[in-house]
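K.L.:
Pasting a structure below so you can have a look.
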């Protein structure tokens, strides 16, 4: 007789084995490794929650300490590979295979380990792809997640950094998997229920709060005149003509400069209410002055940011908050919002080639994709119109029928022609290609494909690629804003001049911008202290950003 | 010379962060408009003779602007360190420019000197020359004060006032400091290296500032005036101090001995600045760093520590 | 360190009466430009001392564009460079021309 | 030479000098008559707020009480690098000590420093470098900045630094380097009785004006300082 409930039986057996170590659902931190040994089976697919802002760090260490003869060859399916322990698992042989999305701080080591054969790579995904595969063919057997607090029944409060948790739990708990949560504290009543108790099987109280890093804080004191000029060009050369209201910003200094110019330069241009009103965005401290000046109507967030809790709580008109008043973020929904509900993505990258393909991979680092490719991609499934979307579509296809023509999402790459240590932003060939050859990957890790990019903004000007009709025009438009990089100096000057005449390339003076006006006095806040002042004392920056 | 009434573009001075401005901009906006005249300006190219040994770039003014100008019409000598060039550190030429200025001030006897500190201390690559330059400046400061010159230190730059800079500041007639300003001898990293991260975590910037920062120094009475971080505020602080400093004599050093001994007795066992502030009777001492300038100034005045007649 | 020197013939004399001006500071990724009105009206020179060795061709391009654009006749530019990016160099040169065009000493 | 040997050789006619927690204080009889205040730091003690304040107190008390020259003996560490010292305002304590010494020197109590061991940074500024004449004894090892720390900051190897130190006295540790700067006025011999050398110095003290820049120029250690000082002074005096 065929059995159709094998997985449920196996899940129940795992829970029964773990229950021996638990009082109710609660397991002591010192028993965490034994719990994992009881629940895990070799070869399991395991999601070890590693978000941007919330790390199941205690469970990472507990997993690293398992007896390898009992638990080995795990298949890790997790969005973030960010803690050293995440990779130590492979060094120890506890884990064997990896599917992931982002590896920021571990990007150099993961490249070495992939090259050295320590890790069997499934694929590098975007967040949405990996989440999607959780429900199709990469469903976790066990999810090790992190939350701020739990009650004794197992209801979880994730705090402002909900991020991936609902998605991971949904996929695991409803497909016969086991969910183990580390929590900072166990309380009588959680402030709000982010994850209902019937989806949570074990709770481990951590000895110290999970580690959170301020990833989205850009100190205004470090913003340069070049970044300010580039930001002015973006506002006047892209935001204004398209009237972009719904958008996503990257996390670099150029977009931080834009955020800080809205209440000053943007105000002077009369753009308030006409641009930058609705965001899919983490709570960037740099956006505080624009919010306080009444520019921003609504923000949905992937996760939170350190120090922003009180501010968000007090600005619930702008942010999504729970009944307890704190931020509710959700990476999967925010990514979807960025993909389908935003008219523009603007962000920086490390390398752009002559076709406009961009990558954050360098020869020795694999940082993964995170969410940028989903934000920075035209959504072919989009059907609702908006003014910027239609205008961009018309520029790309001026002869098409208006009723049948798809719109285009604005995908803007912004950056200075030279980055840190004078490394050029523009290259003839992406390092990603070299890396793919070296690692024998099927696909080079391209962050944003050139055919999705609509504009490139540098301090030299704005290139509107929508208006380019041939590959050659496109290449010269890119060279035409590539400044003094090798790519820029090898431009065809006559053709670049022509492209400028027909508006493909706009120089600062074409937009009525004098580069000498790109002054730090334009920034609405010039220091973290200024941001605190703007927030009325509600923003509490982490110590490393203070100078008081 | 005809006294020109304050024609400084006060608006620009009010909107310019002292912390962020360059040495030259600080002076231009601090002094009456157009009154700054530099001595041995950059066009003289009196660069450091030593940096080339280390294949390092020089700066035409060696990181310090010196000259004279007017403050509310009255003449002043000025020196401003550029904290971004080699951390504003003292080298041979850098230091000699200030020494020469102070010696002239002593001979004249009536023109005050403003020193806009912004320094990490001795310039490593010319450490011996820099250390001695600081010793010479300290001597020149005391000789000038002895001759009746008022010497005022303004501290609010990004490199703070560290190492020998802190000692020179300690020799001045009076100091004005802003919130981002720091005054100390050993830098945070040096303390961490010597004592371990448990005693002093140099990356904990809140700790750094409450140990060495402008607010703590003002509450201790090490600085007499707390300025908001604008050039205009420092200008007003300088004017206030010039107007209020009395003559220097031995009694001041005796009073300083008493002042410092009293500090050691009261606070010598405190572990942290918050303990000191609490001992001063401040109710919510942990909130002091967050206080806006006006509230902080009111608090500091209520505590009432100053060193004006005791330094 | 590397020393570079560029001499150009230019269309017109630079505006202003001021004899010299200075912008910028020598720091990592930054530079100072000292500009002096000391040359005949049709000449311009740029003298560079840079910490970033081996970028002579980039400097040539930056200076060519700058001279073409501003025609800074009569001016000598002396640069101490802490390894600034070309766009920062262009910006400082333009700032120097603006500052010396102001009235003053 | 040990401190006791130095004191014995300096003051064969008698002294009352005590050591207490790294701080030296007392007085001694001069051969030419009169007494000399003696203070100092010994045993390579770090100069912190407590030590500095004790030293300045000795000088101030002596100013009220005595006459005669003042001797500052120096074998110290650097300033004390601690949270407590900085919290309490170490810069003021060190500056205060220097000020008291400079004031005494300017008002009839000529000061002499003797560097006989180590010293560095803020400690040297507050003691030896705040005297009118700083004497070095053979074997003294001042180090404004030690080479390993320098190597760390400059990212140069020790070998490279040592090689550079061959060609210039401007950065490397050592008595003779500081002498070439003009910081150390003279180096005494430890073969001859120190008392003779002290008496000779006292009989022929340089004028009270700071002439270390001129010394540095004459000795080739500081090629520019003295001229720059003079030029600035001349320019500044013109505004009278």
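K.L.:
Could you tell me which residue of the stretch B:52-70 is nearest to residue D:181 (Cα to Cα), considering only residues that are more than 9 Å from chain C (Cβ to nearest Cβ) and either in contact (Cβ under 8 Å) with a residue 60 or more places away in the chain or not in a strand (DSSP E or B) (or both)? Please lay out each step first, then the result.
P.N.:
Quick first cut of the stretch B:52-70, residues more than 9 Å from chain C (Cβ to nearest Cβ) only: B:53-54, B:62, B:64-70.
Restricting the remaining residues to those that are either in contact (Cβ under 8 Å) with a residue 60 or more places away in the chain or not in a strand (DSSP E or B) (or both) gives B:53-54, B:62, B:70.
Working: B:53: 17, B:54: 19, B:62: 19, B:70: 36 Å.
This residue is B:53.
K.L.:
Still on this model: Return a yes/no flag: does the stretch B:174-191 have any residue that is closer than 30 Å to residue A:221 by Cβ, more than 7 Å from chain D (Cβ to nearest Cβ) and over 19 Å from the mean Cα position of the chain (by Cα). Lay out the reasoning, then the answer.
P.N.:
Narrowing the stretch B:174-191 to residues closer than 30 Å to residue A:221 by Cβ: B:174-191.
Those left that are additionally more than 7 Å from chain D (Cβ to nearest Cβ): B:174-182, B:187-189.
Applying the additional criterion that residues be over 19 Å from the mean Cα position of the chain (by Cα) yields B:189.
Within the stretch B:174-191 (the criterion being closer than 30 Å to residue A:221 by Cβ, more than 7 Å from chain D (Cβ to nearest Cβ) and over 19 Å from the mean Cα position of the chain (by Cα)), the answer is yes, since at least one residue qualifies.
K.L.:
Answer yes if at least one residue in the stretch A:94-117 is closer than 17 Å to residue A:303 by Cβ and without any contact (Cβ under 8 Å) to a residue 60 or more places away in the chain, and no otherwise.
P.N.:
yes
K.L.:
Give me the helices (runs of 4 or more DSSP H) completely within the stretch A:455-548, filtered to those with at least 3 residues that are touching a residue at least 24 places away in the same chain (Cβ under 8 Å), ordered by residue number.
P.N.:
Working: elements: A:471-479, A:486-489, A:493-501, A:528-534.
Per the criteria, A:471-479, A:486-489, A:528-534.
K.L.:
Filter the stretch C:21-42 down to residues that are at the interface with another protein chain (Cβ under 8 Å from one of its Cβ atoms) and under 17 Å from residue B:62 (Cβ atoms), then give me how many there are.
P.N.:
Number of matching residues: 7.
K.L.:
Out of B:296, B:234, B:226, which single residue is over 30 Å from residue D:101 (Cα atoms), under 21 Å from the mean Cα position of the chain (by Cα), more than 14 Å from chain D (Cβ to nearest Cβ) and surrounded by 22 or more Cβ atoms within 10 Å (Cβ to Cβ)?
P.N.:
Numbers: B:296 fails: surrounded by 22 or more Cβ atoms within 10 Å (Cβ to Cβ); B:226 fails: over 30 Å from residue D:101 (Cα atoms).
So the residue among B:296, B:234, B:226 that is over 30 Å from residue D:101 (Cα atoms), under 21 Å from the mean Cα position of the chain (by Cα), more than 14 Å from chain D (Cβ to nearest Cβ) and surrounded by 22 or more Cβ atoms within 10 Å (Cβ to Cβ) is B:234.
K.L.:
Could you please let me know if residue B:34 is assigned to a helix (DSSP H, G or I), more than 7 Å from chain D (Cβ to nearest Cβ) and on the phi > 0 side of the Ramachandran plot? Break it down stepwise before answering.
P.N.:
On the way: assigned to a helix (DSSP H, G or I): no; more than 7 Å from chain D (Cβ to nearest Cβ): yes; on the phi > 0 side of the Ramachandran plot: yes.
For residue B:34, the condition - assigned to a helix (DSSP H, G or I), more than 7 Å from chain D (Cβ to nearest Cβ) and on the phi > 0 side of the Ramachandran plot - is not met.
K.L.:
Suppose we filter the stretch B:277-301 for residues that are under 21 Å from residue B:255 (Cα atoms) and either touching a strand residue (DSSP E or B) at 6+ places or on another chain (Cβ under 8 Å) or part of a helix (DSSP H, G or I) (or both); how many remain? Spell out how you get there, then give the answer.
P.N.:
Narrowing the stretch B:277-301 to residues under 21 Å from residue B:255 (Cα atoms): B:280, B:300-301.
The next check asks that each one be either touching a strand residue (DSSP E or B) at 6+ places or on another chain (Cβ under 8 Å) or part of a helix (DSSP H, G or I) (or both); those that pass are B:300-301.
The number of residues fulfilling the criteria is 2.
K.L.:
Give the stretch A:114-129 a look and list any residue that's modelled with pLDDT of 90 or more and closer than 19 Å to residue A:444 by Cβ, or say none.
P.N.:
Going residue by residue through the stretch A:114-129, those that are modelled with pLDDT of 90 or more are A:118-129.
If the condition is that a residue be modelled with pLDDT of 90 or more and closer than 19 Å to residue A:444 by Cβ, then A:119, A:121, A:122, A:123, A:124, A:125, A:126, A:129 are the ones that fit.
K.L.:
Quick one: count up the residues across the stretch D:107-129 that are over 23 Å from residue B:163 (Cα atoms), at the interface with chain B (Cβ under 9 Å from one of its Cβ atoms) and in contact with a helix residue (DSSP H, G or I) (Cβ under 6 Å, 6 or more places away or on another chain).
P.N.:
Of the residues in that region, 0 qualify.
K.L.:
Mind listing just one residue for me: the one in the stretch C:3-13 that is surrounded by fewer than 15 Cβ atoms within 10 Å (Cβ to Cβ) and assigned to a strand (DSSP E or B) and, of those, nearest to the other protein chains (Cβ to nearest Cβ)? Explain how you work it out, then say what you get.
P.N.:
Taking the stretch C:3-13 first, the residues surrounded by fewer than 15 Cβ atoms within 10 Å (Cβ to Cβ) are C:3, C:5, C:7, C:9, C:11-12.
Narrowing further to those that are assigned to a strand (DSSP E or B): C:3, C:5, C:7, C:9.
On the way: C:3: 11, C:5: 15, C:7: 19, C:9: 21 Å.
Within the stretch C:3-13, the match that is nearest to the other protein chains (Cβ to nearest Cβ) is C:3.
K.L.:
Still on this structure: Is one or more of the residues making up the stretch B:114-126 in contact with a helix residue (DSSP H, G or I) (Cβ under 7 Å, 6 or more places away or on another chain), at the interface with chain D (Cβ under 7 Å from one of its Cβ atoms) and in contact (Cβ under 8 Å) with a residue 60 or more places away in the chain?
P.N.:
yes
K.L.:
Counting just the residues of the stretch C:43-59 that are more than 24 Å from residue B:45 (Cα to Cα) and either part of a loop (DSSP other than H, G, I, E, B) or touching a residue at least 12 places away in the same chain (Cβ under 8 Å) (or both), which one comes out farthest from the other protein chains (Cβ to nearest Cβ)?
P.N.:
Going residue by residue through the stretch C:43-59, those that are more than 24 Å from residue B:45 (Cα to Cα) are C:54-55, C:57-58.
Of the ones still in play, those that are also either part of a loop (DSSP other than H, G, I, E, B) or touching a residue at least 12 places away in the same chain (Cβ under 8 Å) (or both) are C:54-55, C:58.
Details: C:54: 11, C:55: 8, C:58: 5 Å.
Among those residues, the one meeting the criterion is C:54.
Residue-by-condition table, conditions (1) in contact (Cβ under 8 Å) with a residue 24 or more places away in the chain; (2) in contact with a strand residue (DSSP E or B) (Cβ under 7 Å, 6 or more places away or on another chain); (3) buried (at least 21 other Cβ atoms within 10 Å of the Cβ):
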site: A:195; (1), (2), (3): yes, yes, yes
site: A:200; (1), (2), (3): yes, yes, yes
site: A:207; (1), (2), (3): yes, no, no
site: A:211; (1), (2), (3): yes, yes, no
site: A:220; (1), (2), (3): yes, no, yes
site: A:226; (1), (2), (3): yes, no, yes
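K.L.:
Follow-up. Please give the helices (runs of 4 or more DSSP H) falling wholly within the stretch A:47-138 in which 1 or more residues are closer than 30 Å to residue A:30 by Cβ. Full working, then the answer.
P.N.:
Numbers: elements: A:57-64, A:84-91, A:107-115, A:127-134.
Counting at least 1 such residues, we get A:57-64, A:84-91, A:107-115.
K.L.:
For the stretch B:200-216, does any single residue satisfy the condition of being under 30 Å from residue B:147 (Cα atoms) and either more than 14 Å from chain A (Cβ to nearest Cβ) or touching a residue at least 12 places away in the same chain (Cβ under 8 Å) (or both)?
P.N.:
Start the filter on the stretch B:200-216 by keeping residues that are under 30 Å from residue B:147 (Cα atoms), which leaves B:214.
Pick out the ones that are also either more than 14 Å from chain A (Cβ to nearest Cβ) or touching a residue at least 12 places away in the same chain (Cβ under 8 Å) (or both) and you get B:214.
Looking through the stretch B:200-216, at least one residue is under 30 Å from residue B:147 (Cα atoms) and either more than 14 Å from chain A (Cβ to nearest Cβ) or touching a residue at least 12 places away in the same chain (Cβ under 8 Å) (or both).
K.L.:
Can you report the number of residues in the stretch B:94-113 which are crowded, with 24+ Cβ neighbours inside 10 Å and either more than 8 Å from chain D (Cβ to nearest Cβ) or under 18 Å from residue B:56 (Cα atoms) (or both)?
P.N.:
4
K.L.:
Now, a different point. How many residues does the stretch D:31-42 contain that are touching a strand residue (DSSP E or B) at 6+ places or on another chain (Cβ under 7 Å) and either more than 30 Å from residue B:194 (Cα to Cα) or surrounded by fewer than 23 Cβ atoms within 10 Å (Cβ to Cβ) (or both)? Spell out how you get there, then give the answer.
P.N.:
If we filter the stretch D:31-42 for residues that are touching a strand residue (DSSP E or B) at 6+ places or on another chain (Cβ under 7 Å), which is where we start, we get D:35-42.
When the remaining residues are screened for being either more than 30 Å from residue B:194 (Cα to Cα) or surrounded by fewer than 23 Cβ atoms within 10 Å (Cβ to Cβ) (or both), the result is D:35-38, D:42.
Counting residues in the stretch D:31-42 that are touching a strand residue (DSSP E or B) at 6+ places or on another chain (Cβ under 7 Å) and either more than 30 Å from residue B:194 (Cα to Cα) or surrounded by fewer than 23 Cβ atoms within 10 Å (Cβ to Cβ) (or both) gives 5.
K.L.:
So the check is Cβ under 6 Å with 6+ separation or different chains; which pairs have a first residue in the stretch B:258-272 that's within 9 Å of chain D (Cβ to nearest Cβ) and a second one that's outside any helix (DSSP H, G or I)?
P.N.:
Taking only residues 6 or more apart or on different chains, the pairs are B:259/B:310.
K.L.:
Checking the structure you have, find out if any residue of the stretch A:436-447 is under 26 Å from residue C:28 (Cα atoms), assigned by TED's automatic domain parsing to the domain that holds residue A:357 and in contact with a helix residue (DSSP H, G or I) (Cβ under 6 Å, 6 or more places away or on another chain). Write out each step before concluding.
P.N.:
The first filter runs over the stretch A:436-447 and keeps only residues under 26 Å from residue C:28 (Cα atoms), leaving none.
Checked the stretch A:436-447: no residue is under 26 Å from residue C:28 (Cα atoms), assigned by TED's automatic domain parsing to the domain that holds residue A:357 and in contact with a helix residue (DSSP H, G or I) (Cβ under 6 Å, 6 or more places away or on another chain).
K.L.:
Are there any helices (runs of 4 or more DSSP H) wholly within the stretch D:1-91 with 2 or more residues that are closer than 22 Å to residue B:260 by Cα, and if so which?
P.N.:
Numbers: elements: D:3-10, D:49-65, D:83-87.
Result: D:49-65, D:83-87.
K.L.:
Then there is this: Name, by its number, the condition in (1) closer than 22 Å to residue B:22 by Cβ; (2) within 14 Å of chain B (Cβ to nearest Cβ) that does not hold for residue C:16.
P.N.:
(2)
K.L.:
If you don't mind, there's one more thing I want to ask. Could you please let me know if residue A:229 is in the same structural domain as residue A:289 (by TED's automatic domain parsing), assigned to a strand (DSSP E or B) and at pLDDT 95 or above?
P.N.:
On the way: in the same structural domain as residue A:289 (by TED's automatic domain parsing): yes; assigned to a strand (DSSP E or B): no; at pLDDT 95 or above: yes.
Against the criterion (in the same structural domain as residue A:289 (by TED's automatic domain parsing), assigned to a strand (DSSP E or B) and at pLDDT 95 or above), residue A:229 does not qualify.
K.L.:
Please state which one of A:259, A:267 is surrounded by fewer than 24 Cβ atoms within 10 Å (Cβ to Cβ), over 16 Å from the mean Cα position of the chain (by Cα) and without any contact (Cβ under 8 Å) to a residue 60 or more places away in the chain. Can you show your working first?
P.N.:
Numbers: A:259 fails: surrounded by fewer than 24 Cβ atoms within 10 Å (Cβ to Cβ).
From the options A:259, A:267, the qualifying one is A:267.
The values are calculated or read from the model by the stated rules, or taken from the named source; none is laboratory data. Treat the numbers as computed from the prediction; the structure is a model and nothing was measured. In this analysis, Cβ positions are derived from the backbone assuming ideal geometry, glycine residues included, and neighbour counts consider all displayed protein chains.
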